[in-house]
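Working notes, structure below.
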Amino acid sequence: MTLYTLIDSPVGELLLTGEKSTDGTTLTSLSMPDGRGAGADRRRDDPAFTEATRQLSAYFAGHLTRFRLPFAAQGTEFQQRVWRALDEIPYGTTTTYGVLAGRLGVPRAEIRALGAAIGANPLLLVRPCHRVIGADGSMRGYAGGVERKVRLLTHEGALQPMLG
């Protein structure tokens, strides 16, 4: 059975789902409650996500720049390759779809497939798909919403805060 918890964060409520293992809980999804990851076949188990909650709190407090959590996201071989590349984008930086495609050897004609693989990332924040932007600096789609993407990049120092 899939376990889940809900936690509050500066970017809104987060839904964490995972599977119990002998070593604890393996994270399978981190999303917004209104997004992917929601389903009826789950049981709430807040203590199962203590370490993930601790690391997310440290991230939002500015004390953690890289997550060290066991996770197991399901995806195609191509998606897994793209997701591993996301893991290598350093905190406080951004990259573009084109640069990421070049690093992975994805032909220009297949950049949409790269974007689709990034969009299918089930581990928002933990696997930093929010660090991929358009070549012109524009904030392209983000499963958590472009506003949240901007807030995350500002939090990480990759974007300057907007004066209000």
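In the range 118-164, which residues are touching a residue at least 60 places away in the same chain (Cβ under 8 Å) and part of a helix (DSSP H, G or I)?
Arg148, Arg151, Leu152, His155
From the list Thr154, Thr76, which residue is under 28 Å from Arg54 (Cβ atoms) and hydroxyl-bearing (Ser, Thr, Tyr)?
Criteria check complete, one pass: Thr154.
Do you know which of the residues in the range 102-122 that are crowded, with 20+ Cβ neighbours inside 10 Å and in contact with a helix residue (DSSP H, G or I) (Cβ under 8 Å, 6 or more places away or on another chain) is nearest to Ser9 (Cα to Cα)?
Of everything passing the filter in the range 102-122, Asn121 is nearest to Ser9 (Cα to Cα).
So in the range 138-155, with the set limited to residues that are crowded, with 16+ Cβ neighbours inside 10 Å and of a type in the set (D, E, K, R), which one is nearest to Arg112 (Cα to Cα)?
Going through the qualifying residues, I end up with Arg140.
How about the range 69-89: which of its residues are under 13 Å from the mean Cα position of the chain (by Cα) and open to solvent by 60 Å² or more (accessible area, probe 1.4 Å)?
The answer is Phe71, Arg84, Glu88.
Could you list all residues from the range 29-48 that are of a type outside the set (Lys, Arg) and either at pLDDT 90 or above or under 13 Å from the mean Cα position of the chain (by Cα) (or both)?
Passing the criteria: Ser29, Leu30, Ser31, Met32, Gly35, Gly37, Asp45, Asp46, Pro47, Ala48.
Sort out which residues of the range 90-107 are aromatic (Phe, Trp, Tyr) and over 14 Å from the mean Cα position of the chain (by Cα), and write them in order of number.
Tyr97
Can you tell me which of Thr28, Thr5 is touching a residue at least 24 places away in the same chain (Cβ under 8 Å) and within 21 Å of Arg131 (Cα to Cα)?
Thr28
Within the range 56-78, can you find the residues that are farther than 15 Å from Ser29 by Cα and of a type in the set (S, T, N, Q)?
Scanning the range 56-78 gives Ser57, Thr65, Thr76.
The values are calculated or read from the model by the stated rules, or taken from the named source; none is laboratory data. This is a predicted model, so every value here is computed, not measured. Every residue, glycine among them, receives a Cβ derived from its backbone with ideal geometry; neighbour counts consider all protein chains shown. Ligands, DNA and RNA are excluded from the accessible area calculation, which covers all protein heavy atoms including side chains. Shrake-Rupley method; radii C 1.70, N 1.55, O 1.52, S 1.80 Å.
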